[in-house]
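Below is one structure, written out as structure tokens, with a few remarks after it.
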Amino acid sequence: MRGLSALVIAALVAGCGATPRTMTTTSPLPASVTREQVGAREVVVLPRPMGDQVAVTVWLDAGTLDAAHASAALAAAELVASSAGPEVSALVVPDGTRFSAICARPTLGPCVASLAQALGSRDVPEAAMERIRRSLEDRRVRGLASARREAETLAVSAALGIELAPLGETEELATDDVRQFLDRHYGSARSLWVFVGGVSASDVHRALDGAAEATSSASRAERDADDSAPRARSEERP
């Protein structure tokens with residue numbers, strides 16, 4: 001998680017107009033940036049003039065490589081994002097999952113609490129699963145209808161020597177698989193929270209105070225060099 005946090009911080013600092021740099025976990029952060037543990041979470045605060053808006057991003061170090069079927073990781077992220085609120089988006093990559101939201105500074109506490117509660121929930125309603133299955137299937141159909149995307153998928157599959165299913169397979173998506181993925185991998189100790197906006201570390205502490213913290217039943221998976229090849233990817237919702 002610390003390696004991921006260093007990359008995230010470097011990208012955010014570069015994106016905010018600072019001089020691009022390579023950062024490691026031992027490199028000093030810019031004076032305006034704070035990074036610390038708040039409960040089980042790793043938290044980064046980047047004060048920036050954004051009026052009354054605060055960009056909140058949560059990174060989890062679990063992606064499609066951690067799932068028995070890629071669709072389970074995609075469905076878990078979709079379920080959490082939709083539960084947290086319509087303003088929350090999710091992006092799943094092989095080694096991680098990102099949730100993004102724009103919160104109003106006066107209501108940062110309730111906004112963070114809603115996202116934390118969704119991340120800690122293990123409830124997988126069948127009605128929501130049916131909606132997610134339809135959503136994934138619709139995106140598969142659109143992808144298959146695109147000659148360019150089909151060519152890209154075939155090219156990447158040939159280069160990696162594996163059959164790449166960008167959104168997994170519909171028949172593999174079982175409710176129990178999604179619930180198990182949430183239980184095994186969605187935990188506060190495996191999360192990095194990044195706050196960008198007109199906030200201070202004390203503002204963030206107050207927002208996180210009392211926010212639900214979930215415990216994951218599995219630790220971070222060990223990776224072999226050959227496991228770094230992407231097995232699946234997804235598009236940001238909606």
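The values are calculated or read from the model by the stated rules, or taken from the named source; none is laboratory data. For clarity, every value in this text was computed on a predicted model and none was experimentally measured. Cβ: placed from backbone, ideal geometry, glycine included. Neighbour counts: every protein chain shown. Quick note on the areas: whole protein, heavy atoms, side chains included, nothing else; ligands and nucleic acids left out. Shrake-Rupley method; radii C 1.70, N 1.55, O 1.52, S 1.80 Å.
Rounded, prolate or oblate: which fits the range 47-91 when a ≥ b ≥ c are the square roots of the eigenvalues of the alpha-carbon gyration tensor, with rounded for a/c under 1.5 and prolate only if a/b beats b/c? Because a/c hits 1.5 or more and a/b fails to exceed b/c, the range 47-91 counts as oblate.
If Lys and Arg each add +1 and Asp and Glu each add -1, what is the summed charge of the other residues whose beta carbon sits under 11 Å from the beta carbon of Val43?
Details: positive: Arg35, Arg41; negative: Glu36, Glu42.
Every neighbour counted, the sum reads 0.
For Arg48, the amide hydrogen comes within under 5 Å of the amide hydrogens of Gly197, Gly198, Val199, counting only partners 5 or more places away or on other chains and with H modelled in the peptide plane.
Take peptides 199-210, 125-136 and line them up by average Cβ neighbours within 10 Å, highest first, as a rough protection proxy. Provide the component values of the computation, followed by the final result.
Numbers: 199-210: 16.5, 125-136: 14.3.
Most protected by this proxy first, the peptides run 199-210, 125-136.
Counting only heavy atoms of the protein chains and using a 1.4 Å probe, Arg48 has close to 50 Å² of accessible surface.
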